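**Q** Supplied in C-alpha cells, the structure appears directly below.
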Amino acid sequence: MSGYTVKEVDGMEAIFMGAMKRARAELGVKSFGLQIIDLPPNFDRYPEHDHAEDGQEEVFLVMRGGGEIEVDGERFPLDDNNVASVQSGSMRKLLPGDQGMRVAVLGGVPGSAYEPHERTELGQPDPMAAS
C-alpha cells in the first residue's frame, strides 16, 4: 500500500450539486474530516450551522478567491491571508465575495477519534439529487 495520494480537486467526487468535494474520502484520510467547498460569487445560501450536536470544530482555509466568514453574528475576512477556526457551539456561515471562493474545511471532535459522516463517503447519493 502506498504512503501517499495525490488528486486533482476538480476530479474528486462531489455532492450538493458539485459544490462539496469529498476530499477526505478521495485522499483516503481517516483521522480528520476534510471537504473542499466551491462557492460561486456572492452566494448567500451557504447554511449557517454550529455543530453543537456533534462537538466538531472546524478550520477554514481559502484555496482560491475570498470573502468572509460570519461567526456568531460577527464577520471576518476569509481569504489567502486569513484562516478561521470555529469551535462546535459557535454559529458559522461562509460568504463568498465577487470572485467566489474555494475553501478547504478541516474538522474533528477534540479528544475523540474521527467518525466520518455517511454523506462524505465515496459513492453515497447526493443529498440534493432528485429521487
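**Q** Looking at (1) surrounded by 15 or more Cβ atoms within 10 Å (Cβ to Cβ); (2) under 18 Å from A14 (Cα atoms), which is the only condition R119 fails?
**A** Against the list (1) surrounded by 15 or more Cβ atoms within 10 Å (Cβ to Cβ); (2) under 18 Å from A14 (Cα atoms), R119 comes up short only on (1).
**Q** Among the strands (runs of 3 or more DSSP E) contained in the range 27-111, which hold 1 or more residues that are over 21 Å from M128 (Cβ atoms)?
**A** Numbers: elements: 33-39, 57-71, 74-78, 84-86, 92-108.
By residue number, 57-71, 74-78, 84-86, 92-108.
**Q** Further question on the same structure: Out of the residues in the range 14-41 that are surrounded by 16 or more Cβ atoms within 10 Å (Cβ to Cβ) and not hydrophobic (A, V, I, L, M, F, W, C), state the one that is farthest from the chain's Cα centre (by Cα).
**A** E26
**Q** Quick check: is even one residue across the range 92-112 over 23 Å from V9 (Cα atoms), crowded, with 18+ Cβ neighbours inside 10 Å and in contact with a Ser or Thr (Cβ under 9 Å, 6 or more places away or on another chain)?
**A** Filtering the range 92-112 down to residues over 23 Å from V9 (Cα atoms) leaves 92, 109-112.
This time we only want the ones that are crowded, with 18+ Cβ neighbours inside 10 Å, so: 92.
Cutting the leftovers down to in contact with a Ser or Thr (Cβ under 9 Å, 6 or more places away or on another chain) gives us none.
The answer is no; no qualifying residue exists.
**Q** Report the residue count in the range 1-26 for those that are aliphatic (A, V, I, L, M) and assigned to a helix (DSSP H, G or I).
**A** 3
Throughout, read-outs are computed from the coordinates displayed, never taken from laboratory work. Just so you know, these numbers come straight off a predicted model, no measurement behind them. Cβ coordinates were reconstructed from backbone atoms using ideal geometry, including for glycine residues, and neighbour counts include every protein chain displayed.
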